[in-house]
Amino acid sequence: MNAEDPGRIVLLTASHRVAPGLLSWPAWQALHGADRVLCADPDHPQLPYLREAGVTVEHAAPTAPELVDACAGGRSIVVLAGGEGDPALTDGLARLAGSGRTRMPDLELLPGSYDLPGARLLDLVQIMDRIRVACPWTSRKTHEGLAKYAIEEAYELVEAIEDGDRDELREELGDVLLQVVFHARIAEEGRPGDGAEPFSVDDVAAGLIEKLIHRHPHVFGDETAETPEDVHAHWLRTKAEEKRRDSVTDGVPVGQPGLALAAKLASRVRTAGLDVPLPAGEGIGYELLALAVRAERDGVDPEAALRAAGRAYRDAIRAAEGHGEGREAADNVEG
């Protein structure tokens, strides 16, 4: 070793969302080639796997000056950091380097493993599990008690989309995702006395994966689809094979908003090529039904169209009240 060589410090990080022991080849090279490997956390999840690989790890938490001194003479030291890194050590090293009074070792930040896309979903599942156990409100909730929130969150998501607010969209997508994870966590417990089999969020995801693969034979199979219409035809055909429905109305939830229900039924009728005259009747309900069917035929979502008109009406009301929402909006509606 060269006595004047300041050495090398490697700060090795590893994602807690990746199975311990699954480290990159550069990480294993650094670990095996180091003069010393240090770790402040005696319970670090990587330690058992490093021992199996013949890497000796010292339980130590040196300060920045102590670590720099330990590298003197050309030594290489790997510091195995926790999941969130080691801010105190890195800040200390940055201060030493910035002072200009200390000859610093070579510093390297080496990620030993990386998060894959969707890795934060694992954190979400863990957090939901903890809340379900420890929170007095969450621990008592049932599927039935949460049902109304799923509807509310879905509408808030639609509102964020229609407003074009990206920040709000991200938040509302999270709220919808929470409903999925929450219900799946409740389902893990089963229902005492009714014989229902428990299932987890992994089962939910597995079912969705199977469905997506089956309904996209042009992506995962030998089918071809050159246009969106071809894709839609594949989807309808595979869905019909899966559901084996007796009527085109099967699977249409009648509890949805009225205009959406009318448009969905009209879409099913049109797609199936059926000739079903509208029911005769008096009153606003039948008039709205006819308007919804006409809108669907013309490619217009009647529910969204009515919401847009309702927003314009709301703005006109606020303008008439003097809230400054825009006299122009009110003039446009009134004109």
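The values are calculated or read from the model by the stated rules, or taken from the named source; none is laboratory data. Keep in mind the model is a prediction, meaning the values are calculated, not measured. Glycine also receives a Cβ, built like all others from the backbone with ideal geometry; neighbour counts cover every protein chain displayed. Ligands, DNA and RNA are excluded from the accessible area calculation, which covers all protein heavy atoms including side chains. Shrake-Rupley method; radii C 1.70, N 1.55, O 1.52, S 1.80 Å.
Among Glu303, Glu241, Glu296, which is the only one that is in contact with a Ser or Thr (Cβ under 7 Å, 6 or more places away or on another chain), surrounded by 10 or more Cβ atoms within 10 Å (Cβ to Cβ) and under 30 Å from Arg215 (Cα atoms)?
Glu296 is the lone residue from the list that is in contact with a Ser or Thr (Cβ under 7 Å, 6 or more places away or on another chain), surrounded by 10 or more Cβ atoms within 10 Å (Cβ to Cβ) and under 30 Å from Arg215 (Cα atoms).
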Original post:
So which of Leu38, Leu31 ends up being part of a strand (DSSP E or B), open to solvent by less than 70 Å² (accessible area, probe 1.4 Å) and free of Cβ contacts under 8 Å to residues at least 60 places away in the same chain?
Top reply: Leu38
**OP:** Kindly list the number of the only condition in (1) of a type in the set (Ser, Thr, Tyr); (2) closer than 25 Å to Leu122 by Cα; (3) modelled with pLDDT of 95 or more that fails for Thr56.
**Re:** (2)
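Quick check, is Leu169 part of a helix (DSSP H, G or I), within 30 Å of Asp129 (Cα to Cα), touching a residue at least 12 places away in the same chain (Cβ under 8 Å) and open to solvent by 50 Å² or more (accessible area, probe 1.4 Å)? Full working, then the answer.
Numbers: part of a helix (DSSP H, G or I): yes; within 30 Å of Asp129 (Cα to Cα): yes; touching a residue at least 12 places away in the same chain (Cβ under 8 Å): yes; open to solvent by 50 Å² or more (accessible area, probe 1.4 Å): no.
Criteria not met by Leu169.
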Original post:
Can you tell me which residues in the stretch 92-121 are surrounded by 15 or more Cβ atoms within 10 Å (Cβ to Cβ) and part of a loop (DSSP other than H, G, I, E, B)?
Top reply: Thr102, Met104, Pro105, Gly112, Ser113
**OP:** State whether one or more residues within the stretch 194-202 are open to solvent by 80 Å² or more (accessible area, probe 1.4 Å) and in a strand (DSSP E or B).
**Re:** no
Original post:
What are the residues in the stretch 93-112 that are modelled with pLDDT under 90 and either under 40 Å from the mean Cα position of the chain (by Cα) or of a type in the set (A, V, I, L, M, F, W, C) (or both), if any?
Top reply: none
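Taking the stretch 138-166, which residues are among the small types (Gly, Ala, Ser) and surrounded by 15 or more Cβ atoms within 10 Å (Cβ to Cβ)? It would help to see each step written out before you state the result.
So the first thing to find is which residues in the stretch 138-166 are among the small types (Gly, Ala, Ser), and the list is 139, 145, 147, 150, 154, 160, 164.
Hits for the stretch 138-166 are Ala150, Ala160.
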